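Reading through the structure tokens given below for one structure.
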Amino acid sequence: MNNLGNATFENYVGLEQGLSEMAYQMVAHVLTLGYAVMLAGLFYFILTIKTVAPRYRTSSVLSVVVMVSAFLLLFAQAGNWTSSFVFDAERGRYFLGDGQDLFNNGYRYLNWLIDVPMLLFQILFVVSLTRSSFSSIRNQFWFSGAAMIITGYIGQFYEVTNFAAFAVWGSISTLFFIHILILMNRVIKEGKEGIPAKAQKVLGTIWTLFFVSWMLYPGAYLMPYLGGLGTDGALFNEIGVVGRQITYTIADVSSKVIYGVLLTVVARYMSIEEGYTDSKE
């Protein structure tokens, strides 16, 4: 196999095997869908910000920032995809072009480095912690969120060339990931105390969504190795390339847009309970 250094496996597949028209277009379309949904989410959070009481609006503001960040960086990644591969008419497939950009999932990691702390912070502006310290939970969210993304970012550079380094950095990232899950579970459990039953039910849905959508990220990270190691992996091919980008996009839409919408719903129920008239209207 030709050596592309620490390039991600999408490039190795594009260099050696190439991508069919269907595979290439599916990735292009799912990346476009990703940033289009973020733009739609941006308008939603802007237009609904006054439907909740002022004390809850910081959560909506953070969702707006997340949408802007996600839109810009996913738009850049979509452009990176189309600039990385060239159609070969003789072989009828897309191959990594000479002198072309290498495709890089780093755009997603940069986006997550911005978004993850904000996604974790924003629930703290909707629920009330009954036993934990707001500042302590906030700081732990920030530290573990940033550390999880940075270590995962480093690890993905070794996914083809050095499995040991890939596994070590991925394992370190997973430790911070588990810590975040524990913290979020605690926040939601405390947040359910003393609030309307409808809001409690939505918080339960948020926990399920959070857990399931965040579990998709490790799956996408490990995609090249599912079914085997290295180039012998069952998904070290165009199916794995398409599967990874679909998985990342589903996870991003769920953990950012749907999560933010559900937090807005909780805030509206809380606003109604507190007598905020605009929310009732």
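The values are calculated or read from the model by the stated rules, or taken from the named source; none is laboratory data. Keep in mind that what you see is a predicted model, and the values were worked out from it rather than measured. Neighbour counts run over all protein chains shown; Cβ positions are idealised from the backbone, glycine included. Quick note on the areas: whole protein, heavy atoms, side chains included, nothing else; ligands and nucleic acids left out. Shrake-Rupley method; radii C 1.70, N 1.55, O 1.52, S 1.80 Å.
Miscellaneous remarks
- Per-residue HN-Hα couplings for region 247-255 [Karplus 6.51, -1.76, 1.60; θ = phi - 60°; Hz; x = Gly/Pro]: 4, 4, 5, 4, 5, 5, 5, 5, 7
- Packing rank of 140-153, 256-269, where each peptide gets the mean count of other beta carbons within 10 Å, highest leading: 256-269, 140-153
- Cβ-based charge dipole, the chain, positive-most Cα from Tyr44, Thr151, Ala70: Tyr44
- An ellipsoid equivalent to the chain, defined through the eigenvalues of its Cα gyration tensor, has semi-axes of 39, 21, 14 Å when rounded to whole angstrom and sorted largest first.
- By average C-beta atoms within 10 angstrom, highest first, the peptides 235-241, 26-32: 235-241, 26-32
- Which of Leu102, Gly275, Ser128, positive extreme of dipole for the chain (C-beta unit charges): Gly275
- Prolate/oblate/rounded label for region 21-169 (Cα gyration tensor, a/c 1.5): oblate
- Distance from the Cα centroid of region 115-185 to that of region 33-111 is 21 Å (rounded to whole angstrom).
- Across region 177-193, computed HN-Hα scalar couplings (Karplus, 6.51 cos²θ - 1.76 cosθ + 1.60, θ = phi - 60°) run 4, 4, 4, 5, 4, 4, 5, 5, 4, 5, 4, 5, 4, 5, x, 6, 6 Hz from first to last residue, x flagging Gly and Pro.
- Heavy-atom accessible area ranking, 1.4 Å probe, most first, across Ile206, Ile154: Ile154, Ile206
- Dipole magnitude for region 137-215: computed about the Cα centre from +1 point charges on Lys and Arg Cβ and -1 point charges on Asp and Glu Cβ, it is near 380 debye.
- Neighbour cut-off at most 11 other Cβ (10 Å), DSSP loop, trypsin sites (Lys or Arg not before Pro), region 99-165: Arg131
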